[in-house]
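Notes for the one structure printed next.
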Amino acid sequence: MRTRPNLVPFDRTYLVKNPYGMSGQRFLTIDSSLPHGDLVYQVKQWIKEGPLVVEPLLDRTVDFSCYVFEDNHQIYYQNIVDKHFQYKGSVFTNYLSPTLTHLPFYESVSIGKWHEYQHQINEIINFYGSLKKNTGFSVDSFLYQENEEINIRALSEVNYRRTMGRVTYELAKRFNQARPWAQLIIGKSAQSQGGFIPFKEKMNDLLWDHHKESGFIILTSGDTRFEILYLLAHNHIEAEKLTEELTLRFPSYNFAVKV
């Protein structure tokens, strides 16, 4: 006896994505209240190439991750993701203690919901542990608002690799010493904005060196698709001052810095 497949009702706005895409690539939203013939056609074309993930489009407010190292050590950090679901950086408000309770938005959610999240995360970690992993991985999650209530979606995706969040943490361990704030920031390439040398010159007084308490380190070499900056600082006040100046000087680079 053949069973009827479960059908997506499309009674609300849905997100359709390729499970193997990166940073918002090949994402579509389908809103049942709007004509979507072309979108449905696109989805049908994608289905021919392999499986898709279809899930309700939730009102995301904060993105964050749990990174699990090879020895099962875990760290938690916030991610900056733009409205196109593209990754724009990671933030540790205190890399010296990167625990769940030190996430800056931790107190905006009830303890009961965090306990449920932790239970779900442990199940995910145990599953990947059963695969005899030989690399670290991140479990990406987010907060979302529904009916004026903040909820947690524990599993958005798993990145079974070395992530930029882990890179941010490793940069902090190398450069920050006692400075708690560590932030990775990604923007447009300087090649399309007048060139890398003028960009670097304009950044000069914002760059960190061993005589400064806070500042940026440019991680790119001028021939990449993006400019990637690393910011180390003592606290949110220092970081906010520097990121505000960054966005004022480079308004067309689309640096996403709001935490």
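Read-outs: derived from the displayed coordinates by stated rules, not from any lab. All of these numbers come straight from a predicted model, not from anything done at the bench. Note that each Cβ is placed from the backbone with ideal geometry, even for glycine, and that neighbours are counted across all protein chains shown.
A few notes on this one:
- Unsatisfied cross-links (Cα-Cα over 28 Å) in the set Lys113/Lys173; Lys173/Lys212; Lys133/Lys188; Lys188/Lys241; Lys48/Lys188; Lys202/Lys241: Lys113/Lys173; Lys133/Lys188; Lys48/Lys188
- Packing, taken as the mean count of other beta carbons within 10 Å per residue, orders the peptides 104-110, 86-92, 238-244, 132-138 from highest to lowest as 86-92, 238-244, 132-138, 104-110.
- Helix 111-129 and the longest principal axis of the Cα set of the chain meet at an angle near 80°.
- Between the Cα long axis of helix 236-249 and the first principal axis of the chain there is an angle of about 90°, rounded to the nearest 10.
- 222 nm mean residue ellipticity, helices alone, for the chain (DSSP H n ≥ 4; -39,500 (n - 2.57); rounded to 500): -8000 deg cm²/dmol
- Centroid-to-centroid separation of region 225-259 and region 48-106 [C-alpha atoms, Å]: 19 Å
- Simple Cβ-charge dipole of region 120-259, Lys/Arg +1 and Asp/Glu -1, about Cα centre, in debye nearest 20: 620 debye
- Prolate/oblate/rounded call for region 211-259, Cα gyration tensor, a/c under 1.5 rounded: oblate
- Environment charge of Ala172, counting only residues whose C-beta is closer than 11 Å and scoring Lys/Arg +1, Asp/Glu -1: +3
- The chain, dipole about Cα centre (Lys/Arg Cβ +1, Asp/Glu Cβ -1), debye to the nearest 20: 820 debye
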